1. Restrict the check to the stretch 536-544 and report whether at least one residue is under 25 Å from E334 (Cβ atoms), β-branched (V, I, T) and in contact with a strand residue (DSSP E or B) (Cβ under 8 Å, 6 or more places away or on another chain).
2. Take the conditions hydrophobic (A, V, I, L, M, F, W, C) and within 21 Å of K420 (Cβ to Cβ) and apply them to L373. Does it pass?
3. Would you check which residues across the stretch 55-91 are touching a Ser or Thr at 6+ places or on another chain (Cβ under 9 Å) and either β-branched (V, I, T) or not assigned by TED's automatic domain parsing to the domain that holds E35 (or both) and list them?
4. Looking at (1) closer than 30 Å to L413 by Cα; (2) of a type outside the set (D, E); (3) touching a His at 6+ places or on another chain (Cβ under 6 Å); (4) at pLDDT below 95, can you tell me which one S553 breaks?
5. Restricting to the stretch 503-535, count the residues that are of a type in the set (D, E, K, R) and within 25 Å of the chain's Cα centre (by Cα).
6. Could you say whether any residue in the stretch 301-320 is crowded, with 17+ Cβ neighbours inside 10 Å and hydroxyl-bearing (S, T, Y)?
7. Out of D236, D287, which single residue is closer than 24 Å to I83 by Cβ and either free of Cβ contacts under 8 Å to residues at least 24 places away in the same chain or among the charged types (D, E, K, R) (or both)?
8. Can you find, within the stretch 489-525, the residue that is surrounded by the fewest Cβ atoms within 10 Å (Cβ to Cβ) among those that are part of a helix (DSSP H, G or I) and not hydroxyl-bearing (S, T, Y)?
Amino acid sequence: MEEMEKRQKNFIEEIVEDDLQSGRVKKIHTRFPPEPNGYLHIGHTKAMCIDFGIAQKYGGQCNLRFDDTNPTEEDVEYVDAIIEDIRWMGYDFEDRLFYGSDYSEQIYEYAVALIKKGLAYVDELDVDQIREYRGTLTEPGKESPWRNRSVEENLDLFNRMKNGEFGSGERVLRAKIDMASPNINLRDPVIYRIKKEHHHRTGDKWCIYPMYDFAHPLQDAIEGISHSLCSIEYVDHRPLYDWVLEKLDIQSPPHQYEFARLNINYTVMSKRKLRELVEKNYVLGWDDPRMPTLCGLRRRGFTPESIRNFIDLVGVSKTNSVVDWGLLEHCVREDLNKNADRVMAVLNPLKVVIENYPDDQVESFEVENNPELPDRGTRKVPFSKEIYIERDDFMITPPPKYFRLKPDGEVRLKNAYFIKCVGYETDVNGEVTLVRATYDPASRGGESPDGRKVKGTIHWVSARHAVDAEVRLYDMLFKVENPDEVPEGGDYKDNLNPDSLKILTHSKLEPALAEAKPGDRFQFLRMGYFCVDNKDSKPGAMVFNKTVGLKDSWAKIASKD
């Protein structure tokens with residue numbers, strides 16, 4: 001809420017304030033209307049934040065209404081997941097949970113009223129014929145042979161449609177508007193169709209279902225919605241929205257306003273495509289951390305605060321654009337930098353034996369948990385003769401300006417001692433298997449008693465106390481910015497990134513992480529931000545997901561603009 005107050009008002013907020021000041025509405029009432037045919041993704045959060053955020057800012061209410069008028073692909077699994085995601089994002093619809101199917105009888109009666117007014121008719125053209133008769137952007141459509149049926153005949157046929165006398169697709173109910181309209185949406189649009197499918201809530205009670213363009217304005221009116229906020233593709237549908245409300249004499253009708261969709265590079269925002277990735281096993285479920293779904297982002301370690309901040313930075317406009325995924329990473333990085341405790345974890349371990357350190361000695365170093373939040377206190381980190389360091393932190397023949405460990409070289413162990421490499425061992429392939437070192441007892445805490453300078457500082461974990469863990473490193477799901485950009489005959493799946501997941505099975509963590517719980521987030525020093533997996537991680541078999549790295553390339557680019 002504070003962020004919304006600080007920035008300049010967007011055009012929706014200006015409309016809302018004008019409506020309140022003019023008295024057109026007494027109270028703001030919005031709705032968030034997802035279709036339960038898949039899981040919510042990052043694109044849906046823009047509508048969610050606008051719908052709930054506008055209501056919150058202006059002391060109004062926001063309904064959650066499931067658009068469940070298409071039984072073919074809808075499921076209670078998606079209903080439950082959407083509710084969970086909305087609550088995780090921090091929004092409360094209180095007792096205002098509705099379903100489009102709640103209004104089946106009322107919407108049906110509205111359709112009957114249109115027929116009685118001579119404004120709707122039952123048509124027998126099939127889908128292809130209706131498309132052919134509709135015309136093009138440059139040519140008007142032509143009327144159906146059944147357009148001028150009598151009111152009585154249409155009432156009888158529509159009732160028979162409701163009673164199941166016709167098969168799926170054999171009849172439709174169309175609004176009678178204008179087949180020559182420059183807006184194709186007004187060329188006698190279909191407002192009811194037959195679908196003999198089992199509905200997840202109403203069972204087999206209904207076999208006819210309203211089209212969204214017909215149900216949407218009436219559902220809004222029934223619920224007393226003041227501002228129906230939609231994405232930009234509904235601009236051309238607004239005349240039909242208004243036509244339905246006008247012809248049915250709806251008093252104090254709601255108004256529809258449109259804003260630009262959220263598009264992000266290196267991903268797809270099509271629920272159909274995301275569903276295909278899941279069902280054909282290109283990913284490991286809707287909550288795969290590579291997916292742009294909210295459950296996937298949650299599992300990866302993204303926070304609701306970072307996503308809300310991202311949506312606020314993207315802003316509300318009327319022009320579609322593509323947002324850099326790096327901005328979303330920047331937002332979660334900023335949030336976790338403030339709130340995530342710092343710990344040491346060695347992802348690709350290489351053992352170091354400190355030869356002059358007593359065999360059985362164990363020391364503890366007191367380390368602060370989060371320098372951004374002193375109230376988080378400190379913890380004890382054990383140190384012993386054998387430690388693990390990152391494999392990349394030792395090189396036999398390093399390049400220039402390599403300040404980590406090397407033969408005869410010295411580095412600082414974070415919060416501990418200076419150590420110097422005095423030898424190493426390799427396997428038959430020349431890969432280093434062990435490093436031998438000595439330590440300077442006078443350098444405890446990482447400070448030099450004689451003033452010598454050691455440029456490199458690396459992290460470490462005591463081998464005796466290390467916690468074993470699996471660490472999953474994630475990259476972009478797609479290897480190109482626009483996955484839909486493919487050669488003729490190609491497919492968006494051709495652009496999947498084969499290196500989007502790398503699993504490290506032998507990582508070593510400091511012992512404090514043995515108590516970490518699913519969903520806990522940490523900064524692994526020098527490595528990035530990580531989250532305890534909320535599905536596969538168990539005591540004694542820890543699994544961590546990489547949320548984002550430490551490097552913020554987007555912030556650097558933004559600072560130059």
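The values are calculated or read from the model by the stated rules, or taken from the named source; none is laboratory data. Worth saying up front: this structure is predicted, and the values here are computed from it rather than measured. Cβ sites come from the backbone with ideal geometry, for glycine too, and all protein chains shown count toward neighbours.
1. Just the residues of the stretch 536-544 that are under 25 Å from E334 (Cβ atoms), to begin with: 544.
Within this subset, residues satisfying the condition of being β-branched (V, I, T) are none.
Within the stretch 536-544, not a single residue is under 25 Å from E334 (Cβ atoms), β-branched (V, I, T) and in contact with a strand residue (DSSP E or B) (Cβ under 8 Å, 6 or more places away or on another chain).
2. Numbers: hydrophobic (A, V, I, L, M, F, W, C): yes; within 21 Å of K420 (Cβ to Cβ): no.
Against the criterion (hydrophobic (A, V, I, L, M, F, W, C) and within 21 Å of K420 (Cβ to Cβ)), L373 does not qualify.
3. T69
4. (3)
5. The initial filter retains those residues of the stretch 503-535 that are of a type in the set (D, E, K, R), namely 508, 510, 515, 517, 520-521, 526, 533, 535.
Going one step further and asking which of them are within 25 Å of the chain's Cα centre (by Cα), we end up with 517, 520-521, 533, 535.
Count: 5.
6. yes
7. Details: D236 fails: closer than 24 Å to I83 by Cβ.
Testing whether each residue is closer than 24 Å to I83 by Cβ and either free of Cβ contacts under 8 Å to residues at least 24 places away in the same chain or among the charged types (D, E, K, R) (or both) leaves just D287.
8. Of everything passing the filter in the stretch 489-525, E515 is surrounded by the fewest Cβ atoms within 10 Å (Cβ to Cβ).
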